[in-house]
Amino acid sequence: MTVLQPDRFLQNFLPSAPALARGTLADPAGPGARGYVDVRDIAEVAVAELLADRPTGGEIEISGPAALTLAELAASFATALGTPVRYVDVPLDDAWRAGLAERGVAPRIVDGLHDLYANYRREGVAGLGDGVQRVLGRAPRTAGDFAAELLRPTASGTA
C-alpha cells in the first residue's frame with residue numbers, strides 16, 4: 001500500500017486571487033515555512049502509483065521544491081502576477097473564528113481549521129518531500145509556476 005503525504009496545497013489560495021490582485025495575501029499560518037505543493041503534482045503521483053506495475057509503496061512525502069514562508073510565497077505570487085503582493089499574518093483569535101462563522105462555516109470546521117493553523121504556527125519549518133522527483137522523475141511545480149498558470153487568469157477576471 002502507498003500513502004501519499006502532501007504538504008499545504010497551493011490551490012487553497014485560488015479563492016484569494018482577487019485579494020492577491022489587490023496586493024494582499026492574508027493567512028493565519030504564521031511565520032513558518034511550508035513546502036507548498038500544486039495538487040496537480042499530487043494527482044500525477046497518485047495516478048503513477050495506481051498504474052505502476054510495482055508501486056513505490058510505503059509513505060511518499062510530496063511537497064513543492066522549496067520550503068517558503070508566506071512572505072516568500074507572496075513574493076513568488078507578486079512576480080508571477082506582475083504586481084506587489086504583501087503577506088499579512090492574520091491573528092488566530094476569536095475575531096478570526098467569528099469571521100468564518102459569519103461566512104457560514106460550521107463550528108466543527110472552524111475548530112478543525114483553528115487546530116490546523118495552530119499546528120502550522122507551532123511547527124515552524126516543514127521538511128520537504130521528494131515524492132514528485134522520485135515517482136515522476138521531474139521537479140515539482142514551483143509556487144511561481146502555479147501563480148502564472150492558475151492565479152493570473154483568475155486575478156484578472158478572465159478565468
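Laboratory data are not the source of any read-out in this text; all were calculated from the coordinates shown. Quick caveat: nothing in here was measured; it's all calculated off a predicted structure. Ideal geometry is used to build each Cβ from the backbone, glycine not excepted, and the neighbour counts take in all protein chains shown.
With charges set only on the Cβ (+1 for Lys and Arg, -1 for Asp and Glu), what does the dipole of the range 2-77 come to about its Cα centre, in debye to the nearest 20? All intermediate terms of the calculation are to be shown ahead of the outcome.
Values: 5 positive and 10 negative charges, 63 e Å.
Dipole about the Cα centre, nearest 20: 300 debye.
So what's the net charge close to A147: Lys and Arg +1, Asp and Glu -1, counting the other residues with Cβ under 13 Å from its Cβ?
After counting each charged neighbour, the total is -2.
Taking only DSSP H segments of four or more residues, each worth -39500 (n - 2.57), what value at 222 nm results for the chain once the sum is divided by all its residues, to the nearest 500 deg cm²/dmol?
Helices in the chain give a 222 nm mean residue ellipticity of -12500 deg cm²/dmol.
Using 7 Å Cα-to-Cβ label points, what is the E59/D94 separation (nm, one decimal)?
3.8
Quick one: Cα centre-to-centre distance for the range 124-141 and the range 42-99, in angstrom?
When both Cα centres are located, 11 Å separates them.
To the nearest 0.05, how large is the calculated FRET efficiency for A19 and D115 if R₀ is 25 Å and r is the Cβ-Cβ distance?
Once the sixth-power term is evaluated, E becomes 0.55.
Would you please give the FRET efficiency between T83 and R103, computed as 1/(1 + (r/R0)^6) with r the Cβ-Cβ distance and R0 = 35 Å, to the nearest 0.05? Intermediate results must be reported in sequence, preceding the final value.
Numbers: r = 26 Å, r/R0 = 0.74.
Once the sixth-power term is evaluated, E becomes 0.85.
Treating the beta-carbon of each Lys and Arg as +1 and of each Asp and Glu as -1, no other charges, what is the dipole magnitude of the range 1-150 about its Cα centre, to the nearest 20 debye? Provide the component values of the computation, followed by the final result.
Numbers: 14 positive and 20 negative charges, 48 e Å.
Approximately 240 debye in magnitude.
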